[in-house]
Amino acid sequence: MERLIVLDTETTGIEPEEGHRIIEIGCVEVVDRKIIKGGEYHQYIQPERLVGDSERIHGIKDSFLKDKPKFEEIAEEFLQYIEGATLVIHNAPFDLGFLNNELKLIGSEERIENNCTIIDSLELSKKQRPGGMHNLDTLCRRFEIDASERTVHGALLDAKILSQVYLAMTGGQFNLFGEKGSSQNDNIASAKIDSNRGAIKVIAATPAELKAHEAYFEYS
């Protein structure tokens, strides 16, 4: 039995070395190339700092995170969920860097890659089609996967979309409930993001802010 966990995170910024933290973890379970209904792991996290300008990316407000658990409160449950699985992550060094930093901050010597096999879907896409763009929106268009719900970045929503992208990249699509599609070009609906998240205020980014987040957007 092959157990994959497709994983994504949302954070307060792009560099854990600058004190940025995880605010959301989203995971989708895939067993023997079937997306398991009810097999998700999803958790919002109190980062012990303000989300700042990153709210423009994910729409998650400080007020929404105020009563959410800290990473140390969910670490054991999360590690048990992913233990022994193969993790599929788009731009894996980014998410692994943040996850390992969170573990370090709570005094743990664990490293995610020591307990899980890692597949970087970004690197896989680059090998399949060298050159061009390889972000999630581009891959959705390439494989005709419906990403219309992706108006902002969200860890669980992005993990659900990436699970479909990964299956398409590696030989065929399946819908969210594990039923095989009739062809590789079938459209598959995305699940809606948590309706309890804070309302999103759309503010245009300044040129300086766009430059600062360029690397994040290229691979997300």
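A short reminder: the numbers here are calculations on the coordinates, not readings from a lab. Everything numeric here is computed off the predicted structure, so don't read it as measured data. A quick note on method: Cβ atoms are made from the backbone with ideal geometry, for glycine too, and the neighbour counts reach across all protein chains shown.
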Sorted by average packing, counted as other Cβ atoms within 10 angstrom per residue and highest first, what order do 136-142, 27-33, 37-43 take? 27-33, 136-142, 37-43
Label points 7 Å out from Cα along the Cβ direction at LEU79 and ASN114: separation in nm? 0.9 nm
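Where does the charge balance sit around ARG150 when Lys and Arg score +1, Asp and Glu -1, over other residues with C-beta under 9 Å from its C-beta?
Details: positive: none; negative: ASP137, GLU149, ASP158.
Residues close to ARG150 contribute a combined charge of -3.
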What ranking do 8-21, 61-74 get when scored by the average of other Cβ atoms within 10 Å per residue, highest first? 8-21, 61-74
